[in-house]
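One structure below.
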């Protein structure tokens, strides 16, 4: 799990650091603590319910593309056929712009 990015806002909430003190793409090392290290060291031993489901996604803000493990994708198509061109989507995987 080394090198995996964590949302800086999550780190700010857990550590009470100023957001300006946290890099835009921090890793787990910014959380510190023995429990975090233990989780990271044993992360691969945890069984997952689903296989990887990686797809290419493009950020609407910066137009950068990257491959993300989105997990299971759920699509909600309205029954009244309104907005059928842009159905709501939800993923079990966590991702953020690279």
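Where a number appears in this text, it was derived from the coordinates with a stated rule and is not lab data. Just so you know, these numbers come straight off a predicted model, no measurement behind them. All Cβ positions, even for glycine, are placed from backbone atoms using ideal geometry, and neighbour counts span all protein chains on display.
Here the label points at residue 92 and residue 42, each 7 Å from Cα along the C-beta direction, are separated by 2.2 nm in the simple model. Spacing of the modelled spin labels on residue 75 and residue 51, each 7 Å from Cα toward Cβ, amounts to 2.0 nm.
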